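Every read-out reported here was derived from the displayed coordinates using simple, explicitly stated rules and does not represent laboratory data. What you are looking at is a predicted structure, and each value in this text was computed from that prediction instead of being measured. Cβ placement follows ideal geometry from the backbone for every residue including glycine, while neighbour counts extend to all protein chains displayed.
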Amino acid sequence: DTAVSQTPKYLVTQMGNDKSIKCEQNLGHDTMYWYKQDSKKFLKIMFSYNNKELIINETVPNRFSPKSPDKAHLNLHINSLELGDSAVYFCASSKYLATQYFGPGTRLLVL
Amino acid sequence: KQEVTQIPAALSVPEGENLVLNCSFTDSAIYNLQWFRQDPGKGLTSLLLIQSSQREQTSGRLNASLDKSSGRSTLYIAASQPGDSATYLCAVRADTGNQFYFGTGTSLTVIP
């Protein structure tokens, strides 16, 4: 059984498009995260939700908007995609302040 | 702002050797520190989590230590195996709980 799942795994799109990445966890965790891993493999946190409430909102363009419809889901919507948005996006979940469990990643390529 | 650095950036060892990976952080006000491994093209797998009040954690051949006051953690891998080849990342959570910072990673290759 997949613990943290993301869809799609790969996303190739044109500049200017709007796209969404979905994340679901079946671990019963109350906290979910979005990370971006750039071409140099550096991981940076973007957002975190605890019990559907936004608790971390790093300095990312407001073209990125997270949405948490319930504690098991945290989706990431990106408007007006730019070349620099190409990266691998990871979703993770945890009990609050505890060990994080990561999804397999979504590889986004903006052309 | 917290900065997390890992040295070396890359390490290559023969199978069976014991090795140490280093992680240093600039702000000692941390809640916990977590070690992960990342295989190529894959997500991260949690290895060990050390709370700020703890000095070390062990899991199988892995032992992680934490010296909060000096801003350092080490991951000790005993009797390395080719299957240990991966990138190892450390990450610190700020003591407010609401910030999480990853290190730069160490790419480990264990040669059969």
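Give the residues of segment B:9-43 whose amide nitrogen is closer than 14 Å to a point set 7 Å from the Cα of B:Asn63 in the direction of its Cβ.
B:18-21
How shielded is A:85-98 by partner chains, expressed as the average number of their Cβ atoms within 10 Å of its Cβ atoms?
Details: counts 0, 0, 0, 2, 0, 3, 1, 4, 0, 5, 0, 1, 7, 6.
Mean partner-chain Cβ count within 10 Å for A:85-98: 2.
Within segment B:33-72, which trypsin sites (Lys or Arg not before Pro) sit in a loop by DSSP and count at most 14 neighbouring Cβ atoms inside 10 Å?
On the way: sites: B:Arg37, B:Lys42, B:Arg55, B:Arg61, B:Lys68, B:Arg72; in loops: B:Lys42, B:Arg55, B:Arg61, B:Lys68.
Sites meeting the loop and neighbour criteria: B:Lys42, B:Arg55, B:Arg61.
Report the label-to-label distance for A:Ala72 and A:Asn26 in nanometres (one decimal), using points 7 Å from each Cα along the Cα→Cβ vector.
Placing both labels 7 Å along Cα→Cβ, they lie 0.8 nm apart.
State the antiparallel share, in %, of DSSP beta bridges confined to the protein assembly as shown, rounding to the nearest 5. Mind showing how you got there, number by number?
Details: 77 of 86 bridges.
Percent antiparallel among DSSP bridges in the protein assembly as shown is about 90.
What percent does the relative contact order of chain A come to when contacts are Cα pairs within less than 8 Å and at least six residues apart?
This gives 37 percent for chain A.
Can you give the FRET efficiency for B:Val20 and A:Ala3, using 1/(1 + (r/R0)^6), R0 = 30 Å, r = Cβ-Cβ distance, to the nearest 0.05? Each step should come with its number before you reach the end.
Values: r = 30 Å, r/R0 = 1.00.
Approximately 0.50, to the nearest 0.05.
Pairs of Cα atoms under 8 Å, at least six residues apart: use those to get the relative contact order of segment B:26-69, whole percent.
On the way: 59 pairs, mean separation 13.6, N = 44.
Relative contact order here is 31 percent.
Run the quick spin-label model on B:Thr109 and A:Asp38: label points 7 Å from Cα toward the beta carbon, then report their separation in nm to one decimal.
Distance between label points: 2.5 nm.
Averaged over B:46-57, how many beta carbons belonging to a partner chain fall within 10 Å of each residue's beta carbon? Write down the numbers at each step before the final one.
On the way: counts 7, 1, 1, 5, 0, 2, 0, 0, 0, 0, 0, 0.
Averaged over the peptide's residues, the number is 1.
Where nothing but the Cβ of Lys and Arg (+1) and of Asp and Glu (-1) is charged, how large is the charge dipole of the protein assembly as shown around its Cα centre, in debye to the nearest 20?
Numbers: 21 positive and 19 negative charges, 50 e Å.
With Lys and Arg at +1 and Asp and Glu at -1, about 240 debye.
For A:Val12 and A:Asn79, calculate 0.36 nm times their separation in residues minus their Cα-Cα distance, and state this gained length in nm to one decimal.
Values: separation 67, 0.36 × 67 = 24.12 nm, distance 1.44 nm.
The A:Val12-A:Asn79 span can extend by a further 22.7 nm.
Over chain A, what is the percentage of antiparallel beta bridges among all DSSP beta bridges, to the nearest 5? Each step should come with its number before you reach the end.
On the way: 36 of 40 bridges.
Antiparallel bridges make up about 90 percent of those DSSP assigns within chain A.
Quick one: pull the percentage of alpha-carbon pairs in the protein assembly as shown with a separation above 30 Å.
Pairs farther apart than 30 Å: 24 percent.
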